[in-house]
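J.: Let me give you the structure first, and then I'll get to my questions.
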């Protein structure tokens, strides 16, 4: 139990309330849509990366930075049609995505409890619960499918996948859909039996509630994104 | 501590409106779902049960006989989550289960599903056990106390901070039990709780159930491995085609002979094979050989060490041992899915590279959903291969051999679990693979289903293939094996 008691106080490295992360996500998202210049977008991504790192998700922060760099590079390529627009749009999605990844530093228990206190609809809470469940189980399902394909000997080498991409797609996609449908059905039944539909009043063993840390964080995030937006206006 | 009636089913009948739900009932069975059940309109009929506090009722019967539907009636899912027409009444503490509020239902009834993965929501063991308590709005300090108690009783108190994805199947089963009992329900429903457990795991589960029973919890269990529940069971209820066809108290059930249980399609510890099991094949037998093979997972340093074994052509070799002894790891090395760190794998004395092993072998996973990809059964059997007249003829032969000719045009996803397993085996039969591995093929099967698996293994072996069966089911090992590789013994040696 010691392990749980230790996590009783704070959830995530900074111990922020889930709603503070939600606020940060929205603030970064809004400013990301408002700014146009590359310099400010890079600054916003840098800030989002620092935010995610401060919340203990260093590896995710690195990955999002790599994605940002790759897409940034692709956006400079002289591509036909809407491809250029597509990459620029994707570029602007990465800073809020990076900030949103801070949610994964929290326990789903804390997130559900926090949202329950806002009296959000039960269906929304169930949806959140399912997203977390699928986010954790989908990589396992994908690995199992790939293992299954290999162990049936359909593609003994990678060359086979290159030669028959349509077959490879079918072999991966069909079981993934079937497994997801089955899992969602079983999970929903289990959720009902375990009291997801009880209604308001959910508690959590993790700390849920605003503290001075949350206020400071909200202040820093607001100041940073406002500064980045102001910089664009000045330049 | 047997007391007043906790659960009562009074003349309950239930008809699923959505026929696909029947496939869950028939998921493990092949013959039943091949047609007979699908034409049956009702699922359970005229069920009468009285389950007092502090008692243990074990539901048994062939796959598809209605056991899961009875459990769904008691927990209130049948008729709500699974739409259908119900007659009769299901009472929980004297109240119709449909009239129970979600809060009261969660407080009163704990459920452990057959596949624990389908009931987990949280990331860590501690969070998962706390899930129902938090939904009920229990004070966090009480939640922590109850979680600790449930974890201690279920033997997972050291795992509270572990991620659920990193647990073994036996540990997951224990966590599922802890999550179900954390809020101290008066009724505990368990759907095939030992299907993923070895003998030792099953025994410790039964000890826990005994403790709960002494605390006044009413236990309702659906199972195929019945005799291990003798220490806790009060009554065995046999279901046949949706009706209660027999009831036995412990004394009467114990006295049933192997011949009598066979008539009911149930398992019996005295079930025997016609042939004698040998520990080691002849030295000069043709087949695959593994000499002094070691594979340890880099992260956990667990796996297999210095294993020597033989897998002769035309016979069935069973790899058995307790959970965690490395049965699946050994098979992965054998089929080339993992590279041995030491030792060699050879065929008739000639070393086989990993690539050659992958080309010459076929691994049937425990969950066959991961290995079905085509749009029809007929296409599945020849998937990924150049189709010519010879292959077509071979494919039809395979479909006939496994009783799938009538299902050739069906989508594999629409089949029952037993039928899917047969499709995969027909594909293996049709393939050029000379070594076929089946991973826990009888998980959740009744006595009849297990005999069918034995029959299929024999059929594959009759084609001069080396058949390898991974199992912790001692009964299957006895029935199917020509040779046995017991990893528990190798570990001790």
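Residue-wise test of (1) crowded, with 18+ Cβ neighbours inside 10 Å; (2) within 18 Å of residue B:68 (Cα to Cα).
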position: B:238; (1), (2): yes, yes
position: B:242; (1), (2): yes, yes
position: B:247; (1), (2): no, yes
position: B:253; (1), (2): yes, no
position: B:258; (1), (2): no, no
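J.: So, one more: So which residues in the stretch B:51-97 are out of contact with any strand residue (DSSP E or B) (no Cβ under 8 Å at 6 or more places or on another chain) and either over 27 Å from residue B:133 (Cβ atoms) or not in a loop (DSSP other than H, G, I, E, B) (or both), if there are any at all?
T.: Within the stretch B:51-97, B:63, B:64, B:95 qualify.
J.: Ok, one more. Take residue B:21 and tell me if it is closer than 30 Å to residue B:445 by Cβ, assigned to a helix (DSSP H, G or I) and modelled with pLDDT under 95.
T.: yes
J.: Determine whether residue B:398 is over 21 Å from residue B:433 (Cβ atoms) and part of a helix (DSSP H, G or I).
T.: Against the criterion (over 21 Å from residue B:433 (Cβ atoms) and part of a helix (DSSP H, G or I)), residue B:398 does not qualify.
J.: Could you list all residues from the stretch B:381-393 that are part of a loop (DSSP other than H, G, I, E, B) and more than 10 Å from every other protein chain (Cβ to nearest Cβ)?
T.: Answer for the stretch B:381-393, where residues must be part of a loop (DSSP other than H, G, I, E, B) and more than 10 Å from every other protein chain (Cβ to nearest Cβ): B:382, B:386, B:387, B:388.
J.: Against the condition buried (at least 18 other Cβ atoms within 10 Å of the Cβ), touching a residue at least 24 places away in the same chain (Cβ under 8 Å), within 14 Å of chain A (Cβ to nearest Cβ) and touching a helix residue (DSSP H, G or I) at 6+ places or on another chain (Cβ under 8 Å), how does residue B:416 come out, does it pass?
T.: Answer is yes for this residue.
J.: crowded, with 21+ Cβ neighbours inside 10 Å, more than 21 Å from the chain's Cα centre (by Cα) and closer than 25 Å to residue B:359 by Cα, is that true of residue B:462?
T.: no
J.: Report, by residue number, each residue of the stretch B:403-413 that is in contact with a helix residue (DSSP H, G or I) (Cβ under 6 Å, 6 or more places away or on another chain) and part of a loop (DSSP other than H, G, I, E, B).
T.: B:404, B:408, B:410
J.: If you don't mind, there's one more thing I want to ask. Just to verify a result, which residue in the stretch B:144-197, among those that are in a strand (DSSP E or B) and crowded, with 20+ Cβ neighbours inside 10 Å, is nearest to the other protein chains (Cβ to nearest Cβ)?
T.: B:189
J.: Can you go through B:121, B:131 and tell me which one is at pLDDT below 90 and facing chain A (nearest Cβ under 8 Å)?
T.: B:121
J.: Out of (1) surrounded by 22 or more Cβ atoms within 10 Å (Cβ to Cβ); (2) under 27 Å from the mean Cα position of the chain (by Cα), what's the single condition that is false for residue B:297?
T.: (1)
J.: When you go through A:195, A:153 one by one, which is the residue that is touching a strand residue (DSSP E or B) at 6+ places or on another chain (Cβ under 9 Å) and either within 23 Å of residue B:124 (Cβ to Cβ) or at the interface with chain B (Cβ under 8 Å from one of its Cβ atoms) (or both)?
T.: One residue alone meets the criteria, A:153.
J.: Go through the stretch B:206-226 and count every residue that is crowded, with 21+ Cβ neighbours inside 10 Å and under 27 Å from residue B:104 (Cβ atoms).
T.: 9
J.: Please count how many residues of the stretch B:337-380 are more than 7 Å from chain A (Cβ to nearest Cβ), more than 20 Å from residue B:308 (Cβ to Cβ) and assigned to a loop (DSSP other than H, G, I, E, B).
T.: Within the stretch B:337-380, residues that are more than 7 Å from chain A (Cβ to nearest Cβ), more than 20 Å from residue B:308 (Cβ to Cβ) and assigned to a loop (DSSP other than H, G, I, E, B) number 5.
J.: Kindly evaluate residue B:384 against the criterion of being farther than 22 Å from residue B:371 by Cα and either out of contact with any strand residue (DSSP E or B) (no Cβ under 9 Å at 6 or more places or on another chain) or crowded, with 22+ Cβ neighbours inside 10 Å (or both).
T.: No; evaluated as a whole, the condition is false for this residue.
J.: Out of the stretch A:105-143, which residues are more than 9 Å from every other protein chain (Cβ to nearest Cβ), in contact with a helix residue (DSSP H, G or I) (Cβ under 8 Å, 6 or more places away or on another chain), crowded, with 18+ Cβ neighbours inside 10 Å and over 12 Å from residue A:196 (Cβ atoms)?
T.: Matches in the stretch A:105-143: A:106, A:110, A:111, A:114, A:115.
J.: Starting from residues that are at pLDDT 90 or above and within 25 Å of the chain's Cα centre (by Cα), keep the ones in the stretch B:104-118 and report whichever is farthest from the other protein chains (Cβ to nearest Cβ).
T.: Applying the filter and picking the extreme gives B:112.
The values are calculated or read from the model by the stated rules, or taken from the named source; none is laboratory data. These numbers were taken from a predicted model, which means no experiment stands behind them. For neighbour counting, all protein chains shown are included, and Cβ atoms are generated from backbone atoms with ideal geometry for every residue, glycine included.
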